[in-house]
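**Student:** Let me give you the structure first, and then I'll get to my questions.
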Amino acid sequence: MAGFDRRIPFRRAAAGKAVPLGVHAGLWVSGWTPGAARAAVEGSAAAGFDLIEIPVPDASPAAGSATPALTVGLLEDTGLDAVVSLALDPSSDINTTDAATSARGERRLLDAVEFAAAIGAGYVGGVTYSAMTKYAHPATAATRANSLDVLTRVAAVAREADVRLGLEYVNRYESNLLNTAAQTVDFLDELGARGVDNALLHIDTYHANSEETSLAAAVHDAGAALGYLHLSESHRGAPGTGSLDWSGLFGALAAAGYRGPLTVESFSPAVVSAATRDEIGAWRELWSDPVALTHSAVGFLREQVAASALLTSTTEGM
Ligand code: MN
């Protein structure tokens with residue numbers, strides 16, 4: 001079988017850019033009604049981003065989510081690219097030996113791939129390998145093996161749709177399975193041994209800051225598997241206002257010749273739903289104006305990219 005290109009394909013603003021800048025829709029809106037979708041996509045384009053990360057919309061009729069066709073129309077009108085994300089929960093966990101729970105998780109992952117394909121997105125990432133929750137016990141060999149089994153099947157379906165599958169490792173309070181880049185590389189190697197060649201390592205700097213010896217070490221450990229980044233401050237507020245070692249991160253990305261998206265992630269209870277606020281513990285309001293936040297974030301990221309050798313670095317094994 002020919003090797004699969006693990007780099008995420010883009011077709012609009014992010015196409016041809018070495019490090020396209022992205023923004024999580026949760027900076028703008030909660031949910032994906034037509035009005036929310038319009039505000040998020042148009043706001044992201046106006047702020048100067050190349051792509052928007054869209055959490056899989058709630059498909060229940062009561063949610064009133066925008067159709068994929070409406071989302072595609074907004075992307076075409078603004079020239080933005082899109083990627084898709086989700087986090088499994090305890091009722092849809094695949095890091096389990098409970099067959100019914102695992103089946104619900106597999107269905108959610110397949111639905112996410114279908115949504116990505118429907119809006120022309122080439123990436124589905126997030127907490128795709130376990131629930132995003134504080135587990136009461138460590139993962140076991142059996143729950144881990146079930147996660148590998150499910151992801152092997154989901155990755156095969158994603159591959160047919162030209163979609164890459166991202167594994168975003170998170171801190172110990174949000175998963176018991178993948179908490180570091182090194183653990184995620186091992187997990188990806190096991191998927192690779194099963195023939196999966198469209199899975200990527202996704203670093204979130206907020207989580208890495210808690211668990212790794214440094215952000216640079218995380219990038220080094222991720223190596224050629226790294227395909228997507230969430231840039232999120234130590235306190236989840238505006239990038240540049242916390243304690244993250246941004247220059248260390250960008251220096252490591254330049255040294256690695258990273259080519260892929262840099263997506264801002266920041267959450268405020270002023271924007272996210274009460275359910276999301278409660279899931280991620282966004283108790284404090286570190287900002288309240290998405291327009292001000294996104295404009296400062298895109299400026300900060302451009303400064304970091306310019307100050308590093310990222311755009312002039314050569315690729316090594318990417
Ligand atoms: Mn994240």
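The values are calculated or read from the model by the stated rules, or taken from the named source; none is laboratory data. These numbers come from a predicted model, not from an experiment. With ideal geometry, Cβ positions are generated from the backbone for all residues, glycine too; neighbour counts draw on all protein chains shown.
**Student:** Which of (1) surrounded by fewer than 17 Cβ atoms within 10 Å (Cβ to Cβ); (2) more than 14 Å from the ligand (Cβ to nearest atom); (3) among the small types (Gly, Ala, Ser) is the odd one out, the single condition residue 297 does not satisfy?
**Tutor:** (1)
**Student:** Of all residues in the range 285-311, which are of a type outside the set (A, V, I, L, M, F, W, C) and without any contact (Cβ under 8 Å) to a residue 40 or more places away in the chain?
**Tutor:** Correct list: 285, 288, 289, 299, 303.
**Student:** (1) in contact (Cβ under 8 Å) with a residue 12 or more places away in the chain; (2) surrounded by fewer than 17 Cβ atoms within 10 Å (Cβ to Cβ); (3) away from the ligand (no atom under 16 Å from the Cβ): which one isn't true of residue 173, the others all being true?
**Tutor:** That leaves (3) as the condition not met.
**Student:** Check residue 150 against each of (1) of a type outside the set (S, T, N, Q); (2) in a helix (DSSP H, G or I); (3) over 20 Å from residue 179 (Cα atoms) and name the one condition it does not meet.
**Tutor:** Answer for residue 150: the failing condition is (3).
**Student:** Return yes or no: is residue 195 of a type outside the set (A, V, I, L, M, F, W, C) and under 19 Å from residue 22 (Cβ atoms)?
**Tutor:** no
**Student:** On the basis of being more than 13 Å from the chain's Cα centre (by Cα), crowded, with 19+ Cβ neighbours inside 10 Å and not in a loop (DSSP other than H, G, I, E, B), does residue 127 make the cut?
**Tutor:** The answer is no for residue 127.
**Student:** Return the total of residues in the range 224-248 being among the polar types (S, T, N, Q) and either in contact with a Phe, Trp or Tyr (Cβ under 6 Å, 6 or more places away or on another chain) or within 16 Å of the ligand (Cβ to nearest atom) (or both).
**Tutor:** 2
**Student:** Would you please list the contacts, defined by Cβ atoms under 7 Å and residues six or more apart or on different chains, that run from a residue in the range 182-195 that is closer than 9 Å to residue 225 by Cβ and in contact (Cβ under 8 Å) with a residue 24 or more places away in the chain to a residue that is of a type outside the set (Gly, Ala, Ser) and assigned to a loop (DSSP other than H, G, I, E, B)?
**Tutor:** If the second residue must be of a type outside the set (Gly, Ala, Ser) and assigned to a loop (DSSP other than H, G, I, E, B), the pairs left are 184/169; 184/178.
**Student:** Sticking with this one: Is it the case that the range 267-281 has a residue that's at pLDDT below 95, within 30 Å of residue 223 (Cα to Cα), buried (at least 19 other Cβ atoms within 10 Å of the Cβ) and not hydroxyl-bearing (Ser, Thr, Tyr)?
**Tutor:** yes
**Student:** Consider residue 179 against the criteria (1) touching an Asp or Glu at 6+ places or on another chain (Cβ under 9 Å); (2) touching a residue at least 40 places away in the same chain (Cβ under 8 Å); (3) closer than 26 Å to residue 283 by Cβ; (4) not charged (D, E, K, R): it satisfies all of them except one. Which criterion is unmet?
**Tutor:** (2) is the only condition that residue 179 fails.
**Student:** Out of all the residues in the range 92-105, is one or more touching a residue at least 60 places away in the same chain (Cβ under 8 Å), over 14 Å from the mean Cα position of the chain (by Cα) and crowded, with 23+ Cβ neighbours inside 10 Å?
**Tutor:** yes
**Student:** Tell me the residue from 45, 25, 13, 66 that is under 18 Å from the mean Cα position of the chain (by Cα) and at pLDDT 95 or above, please.
**Tutor:** Unique residue meeting the criteria: 25.
**Student:** Additional query: Scan 120, 105 and give me the residue that is closer than 16 Å to residue 37 by Cα and away from the ligand (no atom under 16 Å from the Cβ).
**Tutor:** That would be 120, the only listed residue that is closer than 16 Å to residue 37 by Cα and away from the ligand (no atom under 16 Å from the Cβ).
**Student:** Here's another thing I want to ask about it. Take the residues in the range 176-196 that are surrounded by fewer than 16 Cβ atoms within 10 Å (Cβ to Cβ) and assigned to a loop (DSSP other than H, G, I, E, B), then tell me which one is nearest to the ligand (Cβ to nearest atom).
**Tutor:** Within the range 176-196, the match that is nearest to the ligand (Cβ to nearest atom) is 194.
**Student:** Ok, one more. What's the total number of residues in the range 203-223 that are assigned to a loop (DSSP other than H, G, I, E, B), touching a residue at least 12 places away in the same chain (Cβ under 8 Å) and either polar (S, T, N, Q) or within 12 Å of the ligand (Cβ to nearest atom) (or both)?
**Tutor:** Total meeting the criteria: 1.
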